[in-house]
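Report on the structure given below.
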């Protein structure tokens, strides 16, 4: 795959719900960009060529891609906007919501989002592949959305009284975002309820890692909550583990609930902090060529680990949790994860716009294709709607005994600590 690994993004955020690699154009208008402004048909052809060369399915989901080229290049375009509309129509023929076009403003937003700071209400969105509804993957902690009580799996039916029927993720994001301090109203369907949330937009600085050392009957438990795999997640995770090791934690609970994903390299780096050996993830392209990322002997701890996951744990979260589960490094507690296993390459185009192309799928170390399936935890712990509401409204209870999934994780950790001590005792001369 012609992708740069450190640019790979595995996310389910307001800008994406799959893996991506960011390459190509910068932000300034170059001679090449001026050319594309004057020749919008060339932009249409550039997009077609990229799909033709790299799309994961060589049949293009049973679409005659050559005929598509003839049709769309046979048209006359008088403006970039007309070309943008044609490109979006062309990509819709693939039936793949994760292969999508971004105009220059949307492309800049995507690049900002992966940097660890954004402006908005703090919602990660996806589009259901079958119903085409806009679904909340997860609200980001300590943002207007999470504080208002929006939950994973909520369906957004209206934005400021405008129906979202037929709306894609990019269009929704452009409506939800706006100047800091202004308001946006979201109408949500949750089960058979219709709810309305009036949210004030804010500048959101993402601190992906929170951690604490908690005294318990097990000894000192290191609790680490990872909210997103952003650019600073690896460094913050390293600092957390090293600090907790200095404080002599006896075991760890890693909380990936409602973590929608982010940068692939962050998930690989973090997996290596927990794994000394073994495969972390494999990616398979349209030729069936698999590339593997492996642990490299750089684990920061070998102490017992339990990982919390739920339906809001997606993409990069599923790579990390799948790697830890398949290698026998951790016990997973919670509910089935989101199920996003596609890799996208995101490229800058000649006029400052961008294109996300599904170029591969990823597999867990045991070869599981989790796309649409998700990862099943070792220990299933469902929360009632009432419990979810309570935790949403009382964020300080997350990661405490008032959190039923965390309480069950401590039970699993107790068993892991006992087994770990037994193995160490047996290895002594």
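The values are calculated or read from the model by the stated rules, or taken from the named source; none is laboratory data. Since we're looking at a predicted model, the values are computed, not measured. No Cβ is skipped: glycine too gets one built from the backbone with ideal geometry, and neighbour counts run over all protein chains shown.
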Item to check | Count of segment 100-149 residues which are assigned to a loop (DSSP other than H, G, I, E, B) and at pLDDT below 75 | outcome: 3
Checklist outcome for this item: Counting only residues in segment 24-59 that are under 22 Å from residue 108 (Cβ atoms) and outside any helix (DSSP H, G or I), the one modelled with the highest pLDDT is identified as 30
Checklist entry - Are there any strands (runs of 3 or more DSSP E) wholly within segment 214-319 with 2 or more residues that are buried (at least 22 other Cβ atoms within 10 Å of the Cβ) and within 24 Å of the chain's Cα centre (by Cα), and if so which? => result 219-226, 251-255, 279-285, 305-309
Next on the checklist: Among the residues that make up segment 294-311, is at least one of them touching a helix residue (DSSP H, G or I) at 6+ places or on another chain (Cβ under 9 Å), under 19 Å from residue 261 (Cα atoms) and either modelled with pLDDT under 95 or not assigned by TED's automatic domain parsing to the domain that holds residue 379 (or both)?
Outcome noted: no
Checklist outcome for this item: Residues of segment 343-353 being assigned to a strand (DSSP E or B) and surrounded by fewer than 24 Cβ atoms within 10 Å (Cβ to Cβ), in sequence order, are 348
Next on the checklist: Quick check on segment 90-99. Is at least one of its residues surrounded by 20 or more Cβ atoms within 10 Å (Cβ to Cβ) and in a helix (DSSP H, G or I)?
Outcome noted: yes
Next on the checklist: What's the number of the only condition in (1) out of contact with any strand residue (DSSP E or B) (no Cβ under 8 Å at 6 or more places or on another chain); (2) in contact (Cβ under 8 Å) with a residue 40 or more places away in the chain that residue 262 fails to meet?
Outcome noted: (1)
